[in-house]
1. If I ask for residues that are closer than 22 Å to C:Leu92 by Cα and away from chain A (no Cβ under 14 Å), which ones from the stretch B:38-60 would you list?
2. Residue by residue through the stretch C:279-299, note down the ones that are touching a residue at least 40 places away in the same chain (Cβ under 8 Å) and either touching an Asp or Glu at 6+ places or on another chain (Cβ under 7 Å) or open to solvent by 30 Å² or more (accessible area, probe 1.4 Å) (or both).
3. Does C:Gly48 meet the test of being more than 30 Å from A:Ala49 (Cβ to Cβ) and either basic (Lys, Arg) or within 14 Å of chain A (Cβ to nearest Cβ) (or both)?
4. Would you list the helices (runs of 4 or more DSSP H) that sit entirely within the stretch C:275-394 and hold 3 or more residues that are closer than 30 Å to C:Glu218 by Cα?
5. Check the stretch A:24-39 and report whether any residue there is of a type in the set (Val, Ile, Thr) and either within 14 Å of chain C (Cβ to nearest Cβ) or in contact with an Asp or Glu (Cβ under 8 Å, 6 or more places away or on another chain) (or both).
6. Given the conditions (1) under 17 Å from B:Ser16 (Cα atoms); (2) surrounded by fewer than 20 Cβ atoms within 10 Å (Cβ to Cβ); (3) not polar (S, T, N, Q), which single one is not true for A:Leu84?
7. Across the stretch A:147-178, which residue is farthest from the chain's Cα centre (by Cα) among those that are closer than 17 Å to B:Met5 by Cβ and of a type in the set (A, V, I, L, M)?
Amino acid sequence: MLFVVVFLFVMLAPLAYMVSASFMSQADLNSIPPKLFPSAPSLANFVSALTQQPILKYVYNSFVITLIAVAICLTAGSMASYALTRTRIRFKTTFLVFVLAISLLPTITLINPIFKLYSRLGLLNTHLGLAVVAAVLDLPMTIWFLTAVLKGIPTSFEESAKLDGAGIFQIFVYVLAPIMKASLFSISILVFIGAWNRYLLSQVLNQYEARRTVVVGLTLYQTNHTVPFGVVAAAGLITILPLFFLVLRFQKNILGGIMEGGVKE
Amino acid sequence: MERRMTRIGYLMLLPSVLLIAALIVYPVVNTIYQSFFEIRTQTAALGARFTGLDNYVKAINDTHFRDTLVWTLLFTGVSVGIELVIGMGLALLMKRKMPGQGLIRTAVLIPWAIPTVVAGIIWTQFFSQNGMINYILQTIHLIEEPLSWLGNQWLAKLSILIADIWKNTPYMSLLLLSGLLTISKDYYEAAQIDGATRWKQFTCITVPLIRSTMSVTVLFRIISAMRVYDLIVAMTGGGPAGKTETVSMYAVNTYFTYGNTGYGAALSVLMLLISIGISLLFVDSLKTKGSV
Amino acid sequence: MRKHYLLTAVLTAAMLTGCSSSAPEGQSQEPKAESGAAEETVIVNYYGRPDDNGVESAIVAAFEESHPNIKINYVELPDSSNDRLKTINTVLQAGDSSIDVFASDVTWPPIFASAGWVIPLDEYLEAGELDAYLEGPLSAFQFRGANYGLPFMADCGALYYRKDLLDKYGKDVPETWAEIMETGREIAEQEGGRMSGFVSYWMQNESLTCAMLEYYWEKGGEVIDEEGKSVLDEALLTETLAQMREAIESGAAAAGTETFGTTEARNVVTAGNAVFARDWLSGYVPYNNEETSSVAGNMEITSLPSFGTLGGWGVMVSAYSANKEEAVEFAKFRASEEAQMIADDLADITPTLKAAYEDGPFLEKKPDLPKFLPVLENSRPRPQSPFYAEISGIMQLEIHSVITGMTTPEEGAANITQQVAQVLQ
């Protein structure tokens, strides 16, 4: 138990420092030796964070983009993994390896071609455009992961549902999804955070303020070689608070009841 | 009936195939194509010149490329290994029913939600000469003189590993937790009746049952670890003396900053080949069906 | 079973149309796009610097007011030169017209000019128009006899010193690098505590190359000749590297200097722990800020021995712009006295116009400006080669290798000489 406490402390120390720094003055932040707590806590950094950049707009953009990305990824990914585990199509392994291999190329090499394509299609500076790229980049992972999960679920449940006349969609929604709830939740969070944190693509594809994402916005506080860390920390907190409550809220619903209803043979 | 199901199967693959084909296939082909040419921003007006395998020969003889590759692989192995162990521990912890479970589950995810830009600044501050870690270690008299965390190549590597493990363990633990949650309690109850120890239960029930989830998790963690970029750029910029520069950093520099598109493409393709090699080790784990 | 078919088909179709049908929708969402405004109005996309205290927005607003037929779409890019380069590079490499005019780092003109991505501005300039600019900042935008940009923000390497400490120990302001380290060490020893003689940021990045060049130039070294070939002097380079390593090893430079970025180094100064500092002009304000610096009022600025590296920003016009005429119009305004006055008013930005250092209005607001003039006049651009970024990459790695004690100055100098020659052959 002690180990757990110590570990959680280490895990949370950087966050704690970030919180503390967001209330510090620049003088506190500059000081040597470093300060653990603000000498005169103030909300000035939060005010600067909100006024220097339209950070809330960026948070909104990030939310819209990542939610679309998660939706695309889950839909396409579930369909593909269902096909790979429950139907007798050929080239399953080839497909999996191909999908994976193609996703292994460093992102930098994707940027130029995708920029040109999007420029032609008018998808630059749109929520959907960036969401689609973000989704596609995490799609291989989603397919692989859901395939692994589906493989682990015995087909016996579906057989009985099939006998009752249920279609694939019903089977997926009423039989498989409840069993996979935790996995679907995890992969959603994974894709969500993956898309949320995508920096280079967001910067290049969504350059305009109206569609800018929050990770790009965070880099704009810096001027003249120095980062006003207090302001960036405050902005960072503003961006992770909604995430925090979202996860706190949903993990109860989705992970909560699952222990009782695990897979039984 | 069967044939119709098969056809439906193909149809269900279609969205994924189309999305990938539209956005990724062309860039990949294009990159492979470029890697056989001498293309430079500086001579863009003159166009590309076919040079065959020259870029690859250059890469193989490029000692800096080899250094970055060795460090990238070392970084990947160590960070993913440790993240797996800690991630498993956390997943087991999060699975247990206890007061504040929801809070713990959420708290564990936090490092991952903190944007890398911010995390990079925090860790740089922690490890810098006059930073938090030296200050704390000196205050509790573990060290006399401040350590040069980011100036000594081994300490710099250690600092980066710590920051990366902190940042990415949540990913590992979340996926492992989701695997753990699909295991029925019945197995453990049966094992308890048979008098199996905790460790025995872990190795004989837990691990085999989540093996395929675990391999996929590890595989994708390996892939993303091999591309590590932002965190290291923020903390050391590749220093000291390029010792913490990864292949992606080198490729990005070559491609963008140096404007050497052809060579950057070749480095990227080599990286792709190595990643495919590693991935092939994991394909089998998907084929063998779990024992459930 | 039919149902499955239908469902899959519908889902697939939905996703596909979702992708394609969004195109027109996306277009209309684009802020300030071609459509909408009156016919004669031209939209110029300006990829500027971060909106420090609203500087860029204010300049854009002033321009739009005096040019009612031109609308500026200001796109903010990060401060980090490399991050900006990735965006601008991608757009221009695609031959895309979405950038008309952009803020450029002083090291970019040779790359962009030789790639054919930017246009020379000479035909748009009136005779004598360039005479208004300081020679140093202007020269950074000159390449192969043409002017590719106009500077709007000056910066360069400078020496900062603790006036109070030099007075206390009766020392003159040093004029050579050797003297700086010597004097610094002497004073630091007598002061004791956490005091160190010198601090700068020598982590492995662009500033490290600048630092090295400033040492190397003092010894009379040159990097490239007129033709752009390497003329590095290995013996001088060896001396340079040895001197930098000595600074670290002897303790003349603050512990950790080789790991410092801007923030860490400036913290050492503002905590009152350094006698000398090599920093950009932009260090002057934070060093002398009453609220955040314990040495405010005592941190004086002067020229570096021999030369300081030229930094700063200017505007260049894309060769792919569909509205070059209007883009140049804005570029000229961005570097004009009016715009620089706005910038100077809102933030601490060093002007690039000669008049600013003699004229009333600038000096009224910033009486310290004349101090910067000799420093700026004493600066020179980094080697103006299209391959500079790569040369600098090689140098950063080798210099850092020497100052962290992994290789000897001889090895470092040999590696640099050989590799740079290879790049520039």
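1. To start, the set of residues in the stretch B:38-60 that are closer than 22 Å to C:Leu92 by Cα comprises B:38-49.
Within the stretch B:38-60, B:Glu38, B:Arg40, B:Gln42, B:Thr43, B:Ala45, B:Leu46, B:Gly47, B:Arg49 qualify.
2. Hits for the stretch C:279-299 are C:Trp280, C:Leu281, C:Ser282, C:Val285, C:Asn298.
3. No.
4. Working: elements: C:284-287, C:324-334, C:337-346, C:360-365, C:369-377.
Where helices (runs of 4 or more DSSP H) fall fully within the stretch C:275-394 and carry at least 3 residues being closer than 30 Å to C:Glu218 by Cα, they are C:284-287, C:369-377.
5. Restricting attention to the stretch A:24-39, the residues satisfying the condition of being of a type in the set (Val, Ile, Thr) are A:32.
From the residues that got through so far, the ones that are either within 14 Å of chain C (Cβ to nearest Cβ) or in contact with an Asp or Glu (Cβ under 8 Å, 6 or more places away or on another chain) (or both) too are A:32.
Yes: the stretch A:24-39 contains one or more residues that are of a type in the set (Val, Ile, Thr) and either within 14 Å of chain C (Cβ to nearest Cβ) or in contact with an Asp or Glu (Cβ under 8 Å, 6 or more places away or on another chain) (or both).
6. Looking at each condition in turn, A:Leu84 falls short on (2).
7. Within the stretch A:147-178, the match that is farthest from the chain's Cα centre (by Cα) is A:Leu163.
Each row is one residue, and each column tells you yes or no for (1) under 22 Å from C:Pro351 (Cβ atoms); (2) assigned by TED's automatic domain parsing to the domain that holds C:Ile342; (3) touching a residue at least 60 places away in the same chain (Cβ under 8 Å); (4) touching a helix residue (DSSP H, G or I) at 6+ places or on another chain (Cβ under 7 Å).
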| residue | (1), (2), (3), (4) |
| --- | --- |
| C:Ala58 | yes, yes, yes, yes |
| C:Pro68 | no, yes, no, no |
| C:Asn73 | no, yes, no, no |
| C:Pro78 | no, yes, no, yes |
| C:Ser97 | no, yes, yes, no |
| C:Asp105 | yes, yes, yes, yes |
| C:Val118 | no, yes, yes, yes |
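The values are calculated or read from the model by the stated rules, or taken from the named source; none is laboratory data. Just so we're clear, the structure is a prediction, and the values are computed from it rather than from any experiment. Cβ: placed from backbone, ideal geometry, glycine included. Neighbour counts: every protein chain shown. Accessible surface is based on the protein model in full, side chains and every heavy atom, while ligands, DNA and RNA are left aside. Shrake-Rupley method; radii C 1.70, N 1.55, O 1.52, S 1.80 Å.
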